[in-house]
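The structure appears right after this line, and notes come after that.
The values are calculated or read from the model by the stated rules, or taken from the named source; none is laboratory data. Note that the structure is predicted; figures quoted are calculated from it, not measured. Quick reminder, even Gly has a Cβ in these numbers, built from the backbone with ideal geometry, and neighbours come from all protein chains shown. Just the protein is used for accessible areas: all its heavy atoms, side chains included, with ligands, DNA and RNA removed. Shrake-Rupley method; radii C 1.70, N 1.55, O 1.52, S 1.80 Å.
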Amino acid sequence: MTAATVARLIDHTLLKPGSTSDQALALYAEARELGAYAVCISPSLLPLATDGDGTDPAAPLIATVCGFPSGAHHHEIKAAEAARAVADRAAEVDMVIDLSLALQGRFDALQTEIAAVREGAGSAVLKVIIESAALDAEAIVGACRAAESAGADFVKTSTGFHPAGGASVSAVEIMHATVGGRLGIKASGGIRTAEDALRMITAGATRLGLSGSRAILDGLPSEPAES
């Protein structure tokens with residue numbers, strides 16, 4: 001895969017506490033230069049004064065997070081946060097599930113939570129972060145099914161902040177086997193090299209959450225390999 005092809009799968013991400021509006025604007029400018037699909041920033045940095053409203057196909061979209069990073073919020077709060085983010089011109093919302101529900105196997109309650117955020121997000125793309133590194137295979141499947149039943153557009157591996165770790169090839173493979181072809185799959189957390197990125201794509205990822213996007217793209221060819 002070429003750098004340009006992979007770039008169109010990237011959510012160029014800045015979610016460190018203390019990040020500023022100037023840093024978010026610099027992130028957006030870099031994302032546009034790299035050809036990334038979107039930028040993902042904290043909701044307090046919205047609205048971002050850019051052209052990423054979907055009208056210019058060359059402009060990165062604006063994504064944000066909801067219930068981040070712990071997910072341990074009442075679902076009404078997450079729904080309100082999603083609605084505020086969309087009002088502040090976010091085109092995509094990445095919500096963190098209440099991880100305890102998945103760990104307990106309470107997938108009906110998890111579906112209810114996701115459905116509430118789905119309603120709050122309106123027509124925006126909704127990605128559901130399941131913290132796959134903290135779940136066994138059965139719980140990953142259950143969380144993905146709950147997300148699909150609740151109307152989510154994507155399932156996503158990780159926040160990148162959980163001590164259990166980030167994305168893994170095995171988790172992406174399970175997610176792809178469960179909802180691939182119907183929901184998008186975003187791999188995020190701990191993807192630091194071009195080889196990491198390609199492994200995630202091969203496993204079934206259709207979007208990548210990256211903070212070191214430039215270094216990863218620099219490790220990929222600019223032109224397709226000759227056959």
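Just to verify a number: what accessible area does Tyr28 come out at with the full protein assembly present, 1.4 Å probe, Å² rounded to tens?
Its heavy atoms expose roughly 20 Å² to the probe.
Per 5 Å bin from zero, what fraction in whole % of the C-alpha pairs of region 1-43 is there, up to the bin with the longest pair?
Per 5 Å bin, starting at zero, the Cα-Cα P(r) for region 1-43 comes out as 6, 26, 30, 18, 12, 6, 2 percent.
If you roll a 1.4 Å probe over the heavy atoms of the protein chains, what accessible area per residue do you get for the chain, in Å²?
Heavy-atom SASA per residue in the chain reads 44 Å².
Around Gly209, which amide H atoms from residues at least 5 apart in sequence, or from another chain, sit under 5 Å from its own amide H, with H modelled in the peptide plane?
Under 5 Å from the amide H of Gly209: Asp11, Ala187, Ser188, Gly189.
Of the accessible area of region 120-166, with the probe set at 1.4 angstrom, what percent is carbon plus sulfur? Intermediate results must be reported in sequence, preceding the final value.
Details: 750 of 1580 Å².
Accessible surface attributable to carbon and sulfur in region 120-166 totals 48 percent.
Convert each backbone phi in region 203-219 into a coupling constant with the Karplus relation 6.51 cos²θ - 1.76 cosθ + 1.60 (shift: θ = phi - 60°), then list the ³J(HN,Hα) values in order as whole Hz, x for Gly and Pro.
Working through the residues one at a time gives 6, x, 5, 10, 8, 10, x, 10, 9, x, 4, 4, 4, 5, 5, 5, x Hz.
Using 0.36 nm times the number of residues separating Asp136 and Asp88, minus their current alpha carbon distance, what extension gain do you get? List each step's numbers first, then the result.
Numbers: separation 48, 0.36 × 48 = 17.28 nm, distance 3.60 nm.
Separation in residues times 0.36 nm, less the Cα-Cα distance, equals 13.7 nm.
Using a Cα-Cα cut-off of under 17 Å, which lysines could be cross-linked to Lys127, ignoring same-chain neighbours fewer than 8 residues away?
Within the straight-line cut-off, Lys127 pairs with Lys78, Lys156, Lys186.
Once phi is turned into ³J(HN,Hα) by the Karplus curve 6.51 cos²θ - 1.76 cosθ + 1.60 with θ = phi - 60°, what whole-Hz value does each residue of region 93-110 show in order, with x for glycine and proline?
10, 9, 9, 9, 6, 6, 4, 4, 5, 5, 5, 8, x, 8, 6, 5, 5, 5
So what are the ³J(HN,Hα) numbers for region 125-139, from phi and the Karplus equation (6.51, -1.76, 1.60; θ = phi - 60°), rounded to whole Hz, Gly and Pro as x?
Running phi through 6.51 cos²θ - 1.76 cosθ + 1.60 with θ = phi - 60° gives 5, 10, 10, 10, 8, 9, 6, 4, 5, 8, 10, 7, 4, 4, 6 Hz.
Do the sum for the chain: with -39,500 (n - 2.57) for every DSSP H run of n ≥ 4, divided by all residues, what is the mean residue ellipticity at 222 nm, to the nearest 500 deg cm²/dmol?
Only helices count here, giving -12000 deg cm²/dmol.
Where Rh is the Kirkwood radius over the Cα pairs of the chain, the temperature 25 °C and the viscosity 0.890 mPa s, what D in µm²/s does Stokes-Einstein return?
Translational D for this selection: 142 µm²/s.
Could you list the residues of region 173-195 with an amide nitrogen less than 17 Å from a label point located 7 Å from the Cα of Ala225 in the Cα-to-C-beta direction?
Under 17 Å, as judged by backbone N against the label point of Ala225, lie 194-195 of region 173-195.
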